[in-house]
Amino acid sequence: MKQKIPLHTRILIGMALGLIFGIVCLQSPALSSFTLDFIKPIGTIFIRGLKMIAVPLVLASLIVGVANIGDISKLSRMGGKTLGIFLVTTALSITIGLAIVSALKPGHKLSEDTRSDLIAEFDANAEGKISFAEKIQSRGPLDPLVNMVPDNIFQATTSNSSMLQVVFFAILIGVALLKVPKESGATVLHFFNGINDLIVKIVQFIMVLAPYGVFALIASLIIEIAGNDPSKVWELLNALLWYIITVVIGFAIMMVLVYPLLIQFFSKIKYLDFFKGMRPAMLLGFSTSSSTATLPVTMERVEKHLGVSPEVSSFVLPLAATINMNGTSLYQGVSAVFIAQAMGLDLPLSAQIMIVLTATLAAVGTAGVPGAGLVMLVVVLEAVGIPAAGIALIMAPERILDMLRTMVNITGDASVSVVVASTEGELDEEFARKHADD
């Protein structure tokens, strides 16, 4: 019997072929145009399919997850653990990033000419991010709490950027179901259980397209970065090589040190098994740059391959995709110091502490969609007095780093779900050992 190629292998093949095909397309304007017109839409359809089910998935899974917890005391205990781990790992990731960027000083390696060229080229794009960030900064200190409560839940469900409002509403319904008589809430709970099952099946349908979608996304990305000058890709990446290396080292520390220690300390799951179980979700996060779009796959891998109970995953993961951004926070810390170094600004310890606090708070409610971290970076820069126009310096490799930090975010989300499940007695470690590589 012919053995089926695993999903993660098919996604890797799609990524590799997309990279090769994209580079080949750079030699032919006609082929590049064909790729953008007829191949890129396949990737767009794939991402749209995942985003299409993100809101109903979060809504249904959180309602079911909270309602199935059984009592308010267990909910508050699980919620406290989840939020506590989120805050600790986020602050730790930023601190790690600041330590590395302070040691390597990548901003000092940029030449004046390169800096001027980059700022001139990306200034218009930077202005758009700054304008959006100014709206965020003009809010009052309690506005994030106000904005968390939707004034129209139907309107909130029409946009993935309003996911925090959907999370709030779903938790509210789940808590209400815990307080009403069981016979009164049974119909509602049964309905959302059915929706949850339907979404899982739709995820399976969409994932058939995954290797082709990834191929299309990577190929079109290469072409779009290059523009009309194929050598531009390599020139820009070379100019910012040390910045990229600094960020990647930070990501690597989170992936091979922080998360393994977290899992090893709280559970008996081997990190290699954890890594095998999460490979498809990690690769998909890398390709789509969206924690929200990858959420359905993350939940499926955590439950079906790592042994986390649906009760825990349906509560922790939708929440994590909304407010747990370890990779994004680390990137913001490194980027802020890098920009300061490139502009010749000295950041005292007090300013770096402010970066940790601001980036940690900025991570809460950052939309799990491509590019959201860049907007929040402007808020971090302004908080410590760094000219926000400096983000123009880092916009060349932004798309690639966005892909990497999304992968770190997703891995962190899954790690927290394993830890919470283990401490709640909701983790089947033997199941994970047997099914991680399925």
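The values are calculated or read from the model by the stated rules, or taken from the named source; none is laboratory data. Treat the numbers as computed from the prediction; the structure is a model and nothing was measured. With ideal geometry, Cβ positions are generated from the backbone for all residues, glycine too; neighbour counts draw on all protein chains shown. When the accessible area is computed, the model is the full protein with side chains, heavy atoms only, and any ligands, DNA or RNA have been set aside. Shrake-Rupley method; radii C 1.70, N 1.55, O 1.52, S 1.80 Å.
Check the stretch 109-120 and report whether any residue there is at pLDDT 85 or above, in a helix (DSSP H, G or I) and open to solvent by 40 Å² or more (accessible area, probe 1.4 Å). There is no residue in the stretch 109-120 that is at pLDDT 85 or above, in a helix (DSSP H, G or I) and open to solvent by 40 Å² or more (accessible area, probe 1.4 Å). Of the residues examined, residue 369 is one that is open to solvent by 30 Å² or more (accessible area, probe 1.4 Å), of a type in the set (A, V, I, L, M, F, W, C), more than 20 Å from residue 197 (Cβ to Cβ) and modelled with pLDDT under 80. How about the stretch 184-194: which of its residues are in contact with a helix residue (DSSP H, G or I) (Cβ under 7 Å, 6 or more places away or on another chain) and open to solvent by 50 Å² or more (accessible area, probe 1.4 Å)? Answer for the stretch 184-194, where residues must be in contact with a helix residue (DSSP H, G or I) (Cβ under 7 Å, 6 or more places away or on another chain) and open to solvent by 50 Å² or more (accessible area, probe 1.4 Å): 188, 193. When residue 5 is evaluated against the numbered criteria (1) in a loop (DSSP other than H, G, I, E, B); (2) within 30 Å of residue 180 (Cβ to Cβ), which criterion, by number, is the only one it fails? Going through the list (1) in a loop (DSSP other than H, G, I, E, B); (2) within 30 Å of residue 180 (Cβ to Cβ), residue 5 breaks only (2).
Tallying residues that are out of contact with any Lys or Arg (no Cβ under 7 Å at 6 or more places or on another chain), touching a residue at least 40 places away in the same chain (Cβ under 8 Å) and buried (at least 16 other Cβ atoms within 10 Å of the Cβ) within the stretch 259-274 yields 8.
Only one of the listed residues (166, 175) is at pLDDT 80 or above, assigned to a helix (DSSP H, G or I), more than 22 Å from the chain's Cα centre (by Cα) and surrounded by 14 or more Cβ atoms within 10 Å (Cβ to Cβ). That residue is 175.
So residue 345 fits all but one of (1) more than 24 Å from residue 289 (Cβ to Cβ); (2) of a type in the set (A, V, I, L, M, F, W, C); (3) at pLDDT below 75; (4) not in a loop (DSSP other than H, G, I, E, B); what number is the exception? If we test residue 345 against (1) more than 24 Å from residue 289 (Cβ to Cβ); (2) of a type in the set (A, V, I, L, M, F, W, C); (3) at pLDDT below 75; (4) not in a loop (DSSP other than H, G, I, E, B), just (4) comes out false. Condition (residue is of a type in the set (Gly, Ala, Ser) and free of Cβ contacts under 8 Å to residues at least 60 places away in the same chain) applied to the stretch 283-300: is it met by at least one residue? No; the residues of the stretch 283-300 include none that is of a type in the set (Gly, Ala, Ser) and free of Cβ contacts under 8 Å to residues at least 60 places away in the same chain. The set of residues in the stretch 160-203 being closer than 16 Å to residue 52 by Cα and without any contact (Cβ under 8 Å) to a residue 12 or more places away in the chain consists of 197, 198, 201. Per the conditions (1) open to solvent by less than 40 Å² (accessible area, probe 1.4 Å); (2) modelled with pLDDT under 80; (3) acidic (Asp, Glu), the sole criterion not satisfied by residue 382 is (1).
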